[in-house]
Amino acid sequence: MAEPKLLAEIARFERNSSQVVIVSLNEFAGRRYLDVRLWYRPSIVSDELRPGKGITVPLGLVDRFAEAIQKAAAAARELQKGGGD
């Protein structure tokens, strides 16, 4: 089975001790897209990461996706001011 080709890793951060969020630009079957995916470690002592759930966004929709994320971030900041997580 063909694998996506990594064009650029944009960001990576730990969600918790067994999960990592990776934002990347990839290409698959001639199409390029933004990939936001939760990767997981099969065991705490392992550095190996396996892909999990995620979302792919065609490059033509990345600006709209970014706008939505910015709005969500602003709303989350407002919720945090009120004492949320």
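None of the figures in this text is laboratory data; all of them are computed from the coordinates on show. If you're wondering where the values come from, they're calculated on a predicted model, not measured in any experiment. Note that each Cβ is placed from the backbone with ideal geometry, even for glycine, and that neighbours are counted across all protein chains shown.
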For Phe65 and Leu7, FRET efficiency with R0 = 25 Å and r from the beta-carbon atoms, rounded to 0.05?
0.90
Measuring from label point to label point, each 7 Å out along Cα→Cβ, what is the Val45 to Val21 span in nm?
3.0
For Lys81, the lysines lying under 22 Å Cα to Cα, once residues fewer than eight places off in the same chain are dropped, come out as Lys71
Can you find, among Phe28, Phe13, Leu49, the residue sitting farthest towards the positive end of the charge dipole of the chain, where Lys and Arg contribute +1 and Asp and Glu -1 at Cβ?
Phe28
With each label point set 7 Å from Cα along the Cα-Cβ vector, what nm distance links Ala75 and Glu14?
3.0
Checked the chain with the C-alpha gyration tensor, a ≥ b ≥ c its square-rooted eigenvalues, rounded below a/c of 1.5, otherwise prolate if a/b is larger than b/c and oblate if not; verdict oblate
Estimated 222 nm signal from helices in the chain, with DSSP H stretches of n ≥ 4 weighted -39500 (n - 2.57), rounded to 500
-8000 deg cm²/dmol
Backbone HN-Hα couplings from phi across region 30-40 [Karplus 6.51/-1.76/1.60, Hz, Gly and Pro as x]:
x, 10, 9, 7, 8, 10, 10, 9, 8, 9, 10
